[in-house]
Amino acid sequence: MKKIINYLEQLGFSEVESKLYLLLLKSGSTTVAELAKKAKINRTATYSHLNTLLEKGIIAKVKGSSNKIAANPPEHLQYLVEQKITSAMSLKETLPGVIASLNTS
């Protein structure tokens, strides 16, 4: 489990976000109140972490339910990995110009 949490943290998840995502994968769709109780964290704080996970596309609101959420399949992590690769390639491409600018400063 620690190995998975470490991997998720490399993708930009906080430890709490990792825990919430894994709980959602295990439990299926649930309400925020139920999830907060299972995770043993404040419900208000849970909303903040869930918003981040929603932005990453790793969880979704359940259609037809105003207050339930569910984890997207783990295959959705591929998108986050692709984003990291694209970002790293962009950094690599701009590095020579940055180095040149720093050397002339």
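The values are calculated or read from the model by the stated rules, or taken from the named source; none is laboratory data. Predicted, not measured: the structure shown is a model, and the values here were computed from it. With ideal geometry, Cβ positions are generated from the backbone for all residues, glycine too; neighbour counts draw on all protein chains shown. All accessible areas refer to the heavy atoms of the entire protein, side chains included, with ligands and DNA or RNA removed. Shrake-Rupley method; radii C 1.70, N 1.55, O 1.52, S 1.80 Å.
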Search result, residues across segment 65-94 that are open to solvent by 70 Å² or more (accessible area, probe 1.4 Å) and not in a helix (DSSP H, G or I): SER66, ASN67, LYS68
Search result, residues across segment 32-46 that are open to solvent by less than 40 Å² (accessible area, probe 1.4 Å) and among the polar types (S, T, N, Q): THR46
Filtered residues of segment 19-31 (kept if in contact (Cβ under 8 Å) with a residue 12 or more places away in the chain, assigned to a helix (DSSP H, G or I) and open to solvent by 10 Å² or more (accessible area, probe 1.4 Å)): LYS19, LEU22, LEU23, LEU25
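Name every residue in segment 52-64 that is more than 14 Å from the chain's Cα centre (by Cα) and surrounded by 13 or more Cβ atoms within 10 Å (Cβ to Cβ), in order of residue number. Steps first, answer last, please.
In the first step, residues of segment 52-64 are kept if they are more than 14 Å from the chain's Cα centre (by Cα); the result is 61-64.
Residues satisfying the conditions are LYS61, VAL62.
I'd like the full set of residues that are in a helix (DSSP H, G or I) and within 20 Å of GLU75 (Cβ to Cβ), limited to segment 1-18. Before you say what the answer is, go through the steps one by one.
Keep residues of segment 1-18 that are in a helix (DSSP H, G or I), which gives 2-10, 15-18.
Listed by number, the residues that qualify are LYS3, ILE4, ILE5, ASN6, TYR7, LEU8, GLU9, GLN10, GLU17, SER18.
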Residues being in a loop (DSSP other than H, G, I, E, B), farther than 17 Å from LEU11 by Cβ and small (Gly, Ala, Ser) - total across segment 32-64: 1
Condition met for HIS49 (surrounded by 14 or more Cβ atoms within 10 Å (Cβ to Cβ) and in contact with a helix residue (DSSP H, G or I) (Cβ under 6 Å, 6 or more places away or on another chain)): yes
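Across segment 95-105, which residue is surrounded by the most Cβ atoms within 10 Å (Cβ to Cβ) among those that are among the hydroxyl-bearing types (Ser, Thr, Tyr) and part of a helix (DSSP H, G or I)?
Within segment 95-105, the match that is surrounded by the most Cβ atoms within 10 Å (Cβ to Cβ) is SER101.
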